[in-house]
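Novice: Dumping the structure here so I can ask a few things about it.
The values are calculated or read from the model by the stated rules, or taken from the named source; none is laboratory data. Everything quoted here is computed from the prediction, not taken from an experiment. All Cβ positions, even for glycine, are placed from backbone atoms using ideal geometry, and neighbour counts span all protein chains on display.
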Amino acid sequence: MSHSHQHYIRELLRDFKELGVRVVVFLDGFHVEGRVRHVGNEFVVLTTNVEVESNSSGVPIENPNRIWIKISKIRAVSDDHGA
């Protein structure tokens, strides 16, 4: 993933954090829903009713209290409306 893509993803995550809305972070094979707690240079932390689901089936995989996601692995970010 290019540095400009990572920068764009990081900025989106910071904006969602400031708004306080739930987000969906898409990775290869699964996506994660939750609220952005922290955005660092390498990782983002999601908290508050975190849901990890399969991209292909939508079946929940797990529900941790918080999850750290490496920003370079993120393919897309969206708000949680309709997810």
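Novice: Of everything in the range 42-58, what is modelled with pLDDT of 90 or more, surrounded by fewer than 14 Cβ atoms within 10 Å (Cβ to Cβ), more than 10 Å from Val32 (Cα to Cα) and not hydroxyl-bearing (Ser, Thr, Tyr)? Give them in sequence order.
Specialist: Glu42, Asn49
Novice: Now a separate question. Looking only at the range 46-65, which residues are under 20 Å from Asp15 (Cβ atoms) and either over 13 Å from the mean Cα position of the chain (by Cα) or in contact (Cβ under 8 Å) with a residue 24 or more places away in the chain (or both)?
Specialist: First, the residues of the range 46-65 that are under 20 Å from Asp15 (Cβ atoms): 46-48, 50.
Of everything in the range 46-65, just one residue is under 20 Å from Asp15 (Cβ atoms) and either over 13 Å from the mean Cα position of the chain (by Cα) or in contact (Cβ under 8 Å) with a residue 24 or more places away in the chain (or both), namely Thr48.
Novice: So which residues in the range 1-57 are polar (S, T, N, Q), over 16 Å from Ser78 (Cβ atoms) and either part of a strand (DSSP E or B) or in contact with a strand residue (DSSP E or B) (Cβ under 7 Å, 6 or more places away or on another chain) (or both)? Break it down into steps so the answer makes sense when it comes.
Specialist: From the range 1-57, those polar (S, T, N, Q) are 2, 4, 6, 41, 47-49, 54-57; that's our starting set.
When the remaining residues are screened for being over 16 Å from Ser78 (Cβ atoms), the result is 2, 4, 6, 41, 47-49, 54, 56-57.
Thr47, Thr48, Asn49, Ser54, listed by residue number.
Novice: Taking the range 1-14 only, how many residues are surrounded by 14 or more Cβ atoms within 10 Å (Cβ to Cβ) and not basic (Lys, Arg)?
Specialist: Number of matching residues: 4.
Novice: Quickly run through the range 9-21 and pick out the residues that are modelled with pLDDT of 95 or more and within 14 Å of the chain's Cα centre (by Cα).
Specialist: Correct list: Ile9, Arg10, Glu11, Leu12, Leu13, Arg14, Asp15, Phe16, Lys17.
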